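Below: one structure, written as structure tokens.
The values are calculated or read from the model by the stated rules, or taken from the named source; none is laboratory data. Keep in mind that this is a model prediction, so the values were computed, not measured. Here the Cβ positions follow ideal geometry from the backbone for every residue, glycine too, while neighbour counts run over all protein chains shown.
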Amino acid sequence: MAVVEARDVWKRYREGGDWVLRGLSLRVEPGERVGIAGANGSGKTTLLRILSGLLHPSRGEVLVGGEPARSASARARVGVVLHNSFLYDELSVRENLEYYSVLYGVEYDPLSDPIVERLGLRKYLERPAGELSFGWRRRADIARALLHRPRVLLIDEPFTGLDESGATSLAGLLKDLSGGGVSVVATSPRASDLRLLEPRVLYWLREGVLVAE
């Protein structure tokens, strides 16, 4: 069974408006890495929001683990990192992670989380999220998205704000997650960034349609 399956998805934000996505279909298997490249404004973030259940398609359907994407069981299988952070500025990184662990209903200790360690976040756990640079805030968002051990990670522009060493390290983490059975769907304006992930398939999103490279 596919981890994520989009079937004939269309999206526009108002009646009579332009279509952002047009008849888009996508199937992601367990442990698969998928890259989606496209210019700014091409609909990449809209697609991730629909796949994660944060946004309804205008037409079509999305299933996660065979369940509707907006169902509680489907959303528990998904971790999502968008360009805009989900962290609360006034809370420390540790407090943010603990807060989300309560929402997910999981036992969690940031100090023993190997993802926190691998992302180099331990030294920033007591720092307010609002004081972090974009790159470190992105790392904290990734830890947040993975703390409930999802089966799929949807990540928008994963390497934005990271230097070459940070990008290489994150690519290694995402590939290791994939090797452990976690599917990864990543987007970027630049196909060259996505090739760091060594995706099984790289798509271009053009005029609301996915085209395999």
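Annotation note: of LEU63, LEU54, the sole residue that is without any contact (Cβ under 8 Å) to a residue 40 or more places away in the chain, of a type in the set (A, V, I, L, M), touching a helix residue (DSSP H, G or I) at 6+ places or on another chain (Cβ under 9 Å) and over 15 Å from LEU205 (Cβ atoms) is LEU54. Evaluated against (1) assigned by TED's automatic domain parsing to the domain that holds SER183; (2) buried (at least 20 other Cβ atoms within 10 Å of the Cβ); (3) in contact with a Lys or Arg (Cβ under 6 Å, 6 or more places away or on another chain), TRP19 falls short on exactly one condition, (2).
None of SER85, SER112, SER101 is more than 16 Å from ASP156 (Cα to Cα), among the small types (Gly, Ala, Ser) and surrounded by 14 or more Cβ atoms within 10 Å (Cβ to Cβ) except SER101. The sole residue among GLY172, GLY135, GLY65 that is out of contact with any strand residue (DSSP E or B) (no Cβ under 7 Å at 6 or more places or on another chain) and more than 27 Å from GLU29 (Cβ to Cβ) is GLY135. Filtering the stretch 158-168 to residues that are on the phi < 0 side of the Ramachandran plot, free of Cβ contacts under 8 Å to residues at least 60 places away in the same chain and touching a helix residue (DSSP H, G or I) at 6+ places or on another chain (Cβ under 8 Å) leaves PHE159, LEU162, ASP163, GLY166, ALA167, THR168.
Is it the case that the stretch 156-171 has a residue that's modelled with pLDDT of 95 or more and out of contact with any Ser or Thr (no Cβ under 6 Å at 6 or more places or on another chain)? For the stretch 156-171, residues modelled with pLDDT of 95 or more and out of contact with any Ser or Thr (no Cβ under 6 Å at 6 or more places or on another chain): absent. Of the residues making up the stretch 104-120, not a single one is within 12 Å of the chain's Cα centre (by Cα), hydrophobic (A, V, I, L, M, F, W, C) and at pLDDT 95 or above.
Filtering SER42, SER101, SER25 for residues that are closer than 14 Å to ALA145 by Cα and either in contact (Cβ under 8 Å) with a residue 40 or more places away in the chain or not in a helix (DSSP H, G or I) (or both) leaves a single hit, SER101.
Applying the criterion of being among the polar types (S, T, N, Q) and either outside any loop (DSSP other than H, G, I, E, B) or more than 14 Å from the chain's Cα centre (by Cα) (or both) to the residues of the stretch 45-82, the residue that is farthest from LEU103 (Cα to Cα) is SER58. Any residue in the stretch 192-208 that is crowded, with 16+ Cβ neighbours inside 10 Å, touching a Ser or Thr at 6+ places or on another chain (Cβ under 6 Å), modelled with pLDDT of 95 or more and closer than 17 Å to ARG151 by Cβ? Scanning the stretch 192-208 turns up no residue that is crowded, with 16+ Cβ neighbours inside 10 Å, touching a Ser or Thr at 6+ places or on another chain (Cβ under 6 Å), modelled with pLDDT of 95 or more and closer than 17 Å to ARG151 by Cβ. The single residue among LEU132, LEU170 that is in the same structural domain as ALA72 (by TED's automatic domain parsing) and buried (at least 16 other Cβ atoms within 10 Å of the Cβ) turns out to be LEU170.
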